[in-house]
């Protein structure tokens, strides 16, 4: 057994996120384990860039209201207690609404070196506005 205590809150890197995003690492994989998990907190309007995961991703919403969107324009509104599974290779983004904070636990299983995430370009303000419109905001 390993008991992990206080982990520092880190500012999420601007090359992967838009707006103010903070995270606390929950699980950093060490062989043979491959699970990576983090508590991620988004301020209103903050979001990830487009990205995908080699083996998929699970997002469990712990607080607030947010959005998860895919390249085909599908957008879901998420709130505390809900879970979203993004399949392997699906390009997607997630973040807070324009008026609410949102926090989730993000979980991925690494593939080879790293966590299998491919980071892409930022979600534009126009794409974000279209996502808000899709959920009736």
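FYI, it's all coordinate maths here, none of it is from the lab. Quick caveat, the model's predicted, so the values are computed rather than measured. Heads up, the Cβs are rebuilt from the backbone with ideal geometry, glycines too, and the neighbour counts pull from every protein chain shown.
At-a-glance table
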| item | result |
| --- | --- |
| Gained length - residue 134 relative to residue 99, 0.36 nm times residue gap less alpha-carbon distance | 11.1 nm |
| Anisotropy class of the stretch 56-103 from Cα gyration tensor, a/c 1.5 cut | oblate |
| Acute angle (nearest 10 degrees) that the helix 125-134 long axis makes with the longest principal axis of the chain, alpha-carbon atoms | 80 |
| Relative packing of peptides 116-123, 1-8, 35-42 - highest average C-beta neighbours within 10 Å first | 35-42, 116-123, 1-8 |
| Rounded if a/c under 1.5, otherwise prolate or oblate - the stretch 1-54, Cα gyration tensor axes | oblate |
| Among (1) 130; (2) 140; (3) 105, the entry that matches volume of the Cα convex hull per residue in Å³ as calculated here | (3) |
| Percentage relative contact order, the stretch 10-134, counting C-alpha pairs under 8 Å, at least six apart | 31 |
| Extension gain (nm, one decimal) between residue 30 and residue 79, 0.36 nm per residue minus Cα-Cα | 14.5 nm |
| Inter-part distance where the stretch 58-137 and the stretch 15-47 are each reduced to a Cα centre, Å | 12 |
| Segment residue 119-residue 4, extension gain: residue separation times 0.36 nm, minus the distance between their alpha carbons | 38.6 nm |
